[in-house]
Amino acid sequence: MAILTTVAAVRQYVAAARKQGKSIGLVPTMGYLHEGHLTLARTAREQDDVVIMSIFVNPTQFGPGEDLDRYPRDLERDQKLVAAAGVDALFVPPVEEMYPPRYATYVQVEGVTEVMCGASRPGHFRGVATVVSKLFNIVQPDRVYFGRKDYQQAVVIKRMARDLNFPVDIITVATVREPDGLALSSRNKYLSPAERRSALALYRALNLAAGLIRSGERSAAVVREAITGEILAHPLTRIDYVAISDAETLEPLEEIRGQVLLALAVEVGNTRLIDNLTLEVHNDVAHHDEK
């Protein structure tokens with residue numbers, strides 16, 4: 001597996017692959033990898049001739065007081081995991097390679113970034129869109145892979161790619177969970193045993209909401225109240241938001257119809273966790289959608 005640390009090295013690597021007519025898949029990550037990331041890598045391995053993963057803890061998507069400095073990092077561990085998953089090249093740039101002195105250009109996606117995580121983390125999606133657009137330009141992949149746990153992020157990137165005419169297919173892969181339902185996240189490392197137990201509130205609340213909708217409930221307010229009650233029944237939890245939204249536009253719904261996103265962010269202790277489910281609700285029939 002190649003270890004690349006500069007933009008020039010990545011471009012040289014990609015050019016050599018292109019000369020051989022090979023397709024390129026990109027898996028952007030911030031490292032401290034788990035099975036969710038490795039699932040993305042294996043999916044890319046199935047679809048592309050060459051798989052490049054980036055590991056970069058992007059400072060521009062962290063706000064003041066967030067966990068940039070303590071975000072978990074273990075490059076040696078990550079290298080072993082991605083090599084076993086069949087990744088061909090790992091792009092691990094230092095911060096100054098991505099944001100050189102006097103860096104001054106950012107990408108702002110409007111409309112889908114002001115709600116949910118965008119409302120509670122101002123500037124977060126500007127940082128995400130900026131670094132991903134840079135990776136698109138550096139790697140020029142055919143396909144790029146994101147997990148559905150970060151649903152809003154995927155919506156933002158799809159909108160950016162469409163609006164800025166990036167010639168890339170964006171593939172979303174189902175959320176990978178622990179056996180008890182907790183969505184895998186690098187931040188799960190922060191949880192104490194008691195917090196880990198309370199973190200199950202997220203998935204339980206989503207499943208409770210999905211059950212209500214399948215049973216015929218169509219009031220978003222009623223479903224939101226049920227989600228809130230389930231979460232707060234667990235100790236050490238504080239709700240950031242509970243969203244019941246159109247799955248494409250992320251606009252809040254009052255009546256639950258069409259493609260529906262149930263999404264939430266909850267602080268468990270001092271750790272902010274997110275999770276979501278999507279449902280298709282048509283003709284009074286609702287079913288889980290994990291495409």
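Bear in mind these aren't lab numbers, they're just calculated from the coordinates by the rules spelled out. Only a predicted model underlies this, so the values are computations on that prediction, with no experimental measurement involved. Don't worry about glycine lacking a Cβ; one is built from the backbone with ideal geometry, like all the others, and counts go over all protein chains shown.
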Check: Using the 10 angstrom Cβ neighbour count as an exposure proxy, how do Lys19, Lys134, Lys80 rank, fewest first?
Finding: Lys19, Lys80, Lys134
Margin query: Debye calculation, C-alpha points only, no solvent: report log10 I(q)/I(0) for the stretch 1-118 at q = 0.19, 0.21, 0.23 Å⁻¹, in the same order as the q values.
Written below: -1.15, -1.26, -1.33
Checklist line | Dipole of the stretch 2-173, positive direction: furthest Cα of Ala89, Phe56, Gly123, with charges on the beta-carbon | finding: Ala89
Next item on the list: Please give the peptides 112-120, 93-101 ranked by average Cβ packing (other Cβ atoms within 10 Å per residue), highest first, as a rough proxy for protection.
Entry: 112-120, 93-101
Item checked: Sites Glu267 and Arg162, calculated FRET efficiency, Cβ-Cβ separation with R0 30 Å, nearest 0.05 -> 0.35
Checklist line | Long-range HN-HN contacts of Phe91 with modeled amide H, under 5 Å | finding: Leu4, Met53, Ser54, Ile55
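If you average the sequence gap of Cα pairs under 8 Å that are 6 or more apart and divide by the length of the stretch 1-155, what percent do you get for the contact order?
Details: 231 pairs, mean separation 52.8, N = 155.
It rounds to 34 percent for the stretch 1-155.
Among rounded, prolate and oblate, which fits the stretch 144-291 when a ≥ b ≥ c are the square roots of the eigenvalues of its C-alpha gyration tensor, a/c under 1.5 means rounded, and a/b larger than b/c means prolate?
Details: a/c = 1.94, a/b = 1.15, b/c = 1.69.
Because a/c hits 1.5 or more and a/b fails to exceed b/c, the stretch 144-291 counts as oblate.
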Next item on the list: Give me the distance in nm between label points sitting 7 Å out from Cα along the Cα-to-Cβ direction at Glu280 and Thr6, one decimal.
Entry: 5.0 nm
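Would you kindly give the portion of the calculated P(r) for the chain that falls above 23 Å, as a percent of all Cα pairs? Kindly include the intermediate steps, with their values, before the conclusion.
Numbers: 23778 of 42195 pairs.
Summing the P(r) of the chain above 23 Å gives 56 percent of all pairs.
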Notebook entry, point to check: If we restrict to alpha carbons, what Rg and Dmax does the stretch 85-227 come to, in Å?
Noted result: 18.4, 57
